Amino acid sequence: MASMRVEKVEGLQITLNDQKVGVLTHYTGGKNILSFSPDFAMLDKGDRPIVSFTQLIREDYFELPQVSTQRLSPVLSNLLPEGALREFISRELKVHSENEFPLMVHLGANLPGALKATPIAAGELPAWALAHREQVEAVQVNIDKATSKQSLAGIQMKFSSVRAPDKRFNINEEDNADSWIIKVPSNVYKQVPANEYTAMRLAESVGIDIPEIQLVKLTQLHNLPDIRLPDEEYAYAIRRFDRSKGKRIHTEDFAQVFELYSHEKYEKKNYEQIVNAIYLHSPQGLKNAKQMAKRLLVNVLLANGDAHLKNWSLIYSDGITPQLSPAYDIVSTLPYVKGESGAALNMAKVKNWYETNMGTFKKWAERADVPWQPIAVHLNETMEQARELWPTMLNELPMLESSKQVLKEHWRKLHSDFRIG
């Protein structure tokens with residue numbers, strides 16, 4: 001009789017604000033399995049904190065293991081960085097950038113939101129986490145010694161930091177009452193920090209909920225990794241809304257909500273599906289829907305073509321109730337992408353900014369089963385404020401002059417419902 005195959009397995013404990021919710025196991029050959037703790041699954045539904053929005057709409061969410069190869073399941077994969085930052089960390093670890101378990105081992109202590117992933121010693125993996133495999137041999141996770149422990153999703157190079165009493169920013173992996181995200185200048189596009197700061201200030205002026213932001217001189221950043229930066233003076237800083245008074249607040253972007261991978265963030269879903277999820281499952285559904293409508297309009301006005309699934313998030317301030325998070329990553333992309341003319345996702349089957357009008361928003365609301373009249377009132381107020389405030393504000397904000405001219409020309413080309421100036 002042939003002996004059963006022995007597999008080596010490594011494990012990470014997944015916690016949510018220090019409550020054990022599951023185990024991520026990694027097997028020889030690259031198989032990754034996220035299994036949820038039976039004790040956590042048996043908690044009363046009303047008392048059980050939210051790990052993923054999916055548990056609100058799928059009764060069996062905690063019963064089924066999430067199996068994937070190389071990549072982790074979307075709920076965890078989307079917590080890892082993309083683009084240049086992922087490549088930088090992968091090179092440090094000497095692993096392939098698509099091999100996500102080693103990245104999670106390294107970055108698991110400082111993920112966005114309130115989830116943590118910490119190594120489980122050999123022999124301490126619970127039996128329920130191994131029940132779906134034939135025969136396994138537990139081995140200790142190899143804790144690496146790479147220097148950067150930053151896990152912030154997104155393509156731009158950005159780092160977690162703590163603002164010191166002297167207003168300098170210390171780049172590190174620790175939580176703190178004054179935790180910020182620092183986005184350094186781009187080697188591809190000019191003055192991105194000034195662009196994002198300008199766009200966010202304009203958005204804030206018409207009622208978009210944003211965190212505290214500021215431009216920071218690069219000389220004020222300490223412990224910045226040894227990376228090549230352009231000859232620019234400022235980085236962009238935004239206070240972390242997933243950290244408060246040293247505590248973690250759970251958040252979830254809409255790639256996680258829809259169980260999609262980061263490379264699918266421009267595909268498969270649209271703005272109706274985002275607002276419908278928020279409207280149906282939040283106690284303040286209409287309030288959230290009105291805020292989303294304002295943000296969609298602001299993205300049209302600011303020529304932001306990058307409001308994809310990962311740039312919309314839910315926040316669970318009480319651990320249970322989903323709300324639309326504060327806005328982030330609002331940038332005027334048109335100055336950098338010549339000829340760009342539309343949004344990242346469909347809204348009522350329309351992407352083109354210059355074909356979008358108030359009727360587009362009405363169809364969007366109707367398709368999402370959201371009451372149109374209160375949305376319309378909010379949109380009209382937003383347009384009045386933008387027309388009154390933005391021409392003067394734009395002249396005073398630090399965006400590159402050439403980018404300001406592109407934006408002003410964009411305003412003139414919009415449908416008359418949304419034209420400015």
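The values are calculated or read from the model by the stated rules, or taken from the named source; none is laboratory data. Since the model is a prediction, treat every value here as computed from it, not as a measurement. Backbone-built Cβ (ideal geometry, glycine too); neighbour counts: all protein chains shown.
Brief remarks on what is shown
- Which listed residue, of L34, L16, is out of contact with any Pro (no Cβ under 6 Å at 6 or more places or on another chain), at pLDDT 90 or above, crowded, with 19+ Cβ neighbours inside 10 Å and in the same structural domain as E100 (by TED's automatic domain parsing): L34
- Across the stretch 26-50, the qualifying residues are those that are assigned to a strand (DSSP E or B) and aromatic (F, W, Y), and the one among them that is farthest from Q66 (Cα to Cα) is Y27.
- Which listed residue is modelled with pLDDT under 90 and either over 24 Å from F258 (Cβ atoms) or assigned to a loop (DSSP other than H, G, I, E, B) (or both), from E92, E98: E92
- Only one of the listed residues (L301, L314, L309) is under 29 Å from R387 (Cα atoms), within 19 Å of the chain's Cα centre (by Cα) and surrounded by 22 or more Cβ atoms within 10 Å (Cβ to Cβ). That residue is L309.
- Residues that are touching a helix residue (DSSP H, G or I) at 6+ places or on another chain (Cβ under 8 Å) and either outside any loop (DSSP other than H, G, I, E, B) or crowded, with 23+ Cβ neighbours inside 10 Å (or both) within the stretch 253-264 comprise D253, F254, A255, Q256, V257, S262, E264, listed in sequence order.
- The number of residues in the stretch 6-48 that are among the acidic types (D, E) and closer than 14 Å to P102 by Cα comes to 1.
For every residue, the table says whether it meets (1) surrounded by 22 or more Cβ atoms within 10 Å (Cβ to Cβ); (2) touching a Ser or Thr at 6+ places or on another chain (Cβ under 7 Å).
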position	(1), (2)
N170	no, yes
L215	no, no
D226	no, no
D231	no, no
A235	yes, no
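- Summed over the stretch 1-25, the residues that are of a type in the set (D, E, K, R) and assigned to a loop (DSSP other than H, G, I, E, B) give a count of 2.
- Selection within the stretch 189-224 - assigned to a strand (DSSP E or B) and touching a helix residue (DSSP H, G or I) at 6+ places or on another chain (Cβ under 8 Å): I213, Q214, L215
- Residue within the stretch 260-276 that is farther than 23 Å from N78 by Cβ, free of Cβ contacts under 8 Å to residues at least 60 places away in the same chain and not assigned by TED's automatic domain parsing to the domain that holds P81 present: no
- Selection of the stretch 183-207 for residues being within 29 Å of A293 (Cα to Cα), surrounded by 19 or more Cβ atoms within 10 Å (Cβ to Cβ) and not charged (D, E, K, R) yields Q191, V192, P193, A194, N195, Y197, T198, A199, M200, L202, A203, V206.
- Among the residues of the stretch 405-421, the one identified as outside any loop (DSSP other than H, G, I, E, B), among the charged types (D, E, K, R) and touching a residue at least 24 places away in the same chain (Cβ under 8 Å) is K413.
- Evaluation of L76 against (1) crowded, with 22+ Cβ neighbours inside 10 Å; (2) modelled with pLDDT under 85; (3) not in a loop (DSSP other than H, G, I, E, B) (one fails), failing number: (2)
- Qualifying positions in the stretch 323-359 - of a type in the set (S, T, Y) and either under 26 Å from the mean Cα position of the chain (by Cα) or in a loop (DSSP other than H, G, I, E, B) (or both): S325, Y328, S332, T333, Y336, S341, T356
Yes or no, residue by residue, for (1) in contact with a Leu (Cβ under 7 Å, 6 or more places away or on another chain); (2) among the acidic types (D, E); (3) under 26 Å from L345 (Cα atoms):
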site: D253; (1), (2), (3): yes, yes, yes
site: Y271; (1), (2), (3): yes, no, yes
site: V275; (1), (2), (3): no, no, yes
site: G285; (1), (2), (3): no, no, yes
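- Every residue from the stretch 332-377 that is polar (S, T, N, Q) and surrounded by 15 or more Cβ atoms within 10 Å (Cβ to Cβ): S332, T333, S341, N346, T356, N357, T360
- Total residues in the stretch 53-71, condition assigned to a loop (DSSP other than H, G, I, E, B), out of contact with any Phe, Trp or Tyr (no Cβ under 7 Å at 6 or more places or on another chain) and not aliphatic (A, V, I, L, M): 8
- Qualifying residue in the stretch 238-246 (condition: free of Cβ contacts under 8 Å to residues at least 24 places away in the same chain, surrounded by 13 or more Cβ atoms within 10 Å (Cβ to Cβ) and in the same structural domain as S179 (by TED's automatic domain parsing)): no
- Enumeration of residues in the stretch 310-364 that are over 25 Å from E381 (Cα atoms) and of a type in the set (S, T, N, Q): S317, T321
- Boolean, L280 is closer than 26 Å to E204 by Cβ, of a type in the set (A, V, I, L, M, F, W, C) and part of a helix (DSSP H, G or I): no
Results for (1) free of Cβ contacts under 8 Å to residues at least 40 places away in the same chain; (2) closer than 30 Å to D18 by Cα, shown as yes or no for each residue.
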site: D231; (1), (2): yes, no
site: A235; (1), (2): no, no
site: F258; (1), (2): no, yes
site: A293; (1), (2): no, no
site: L301; (1), (2): no, no
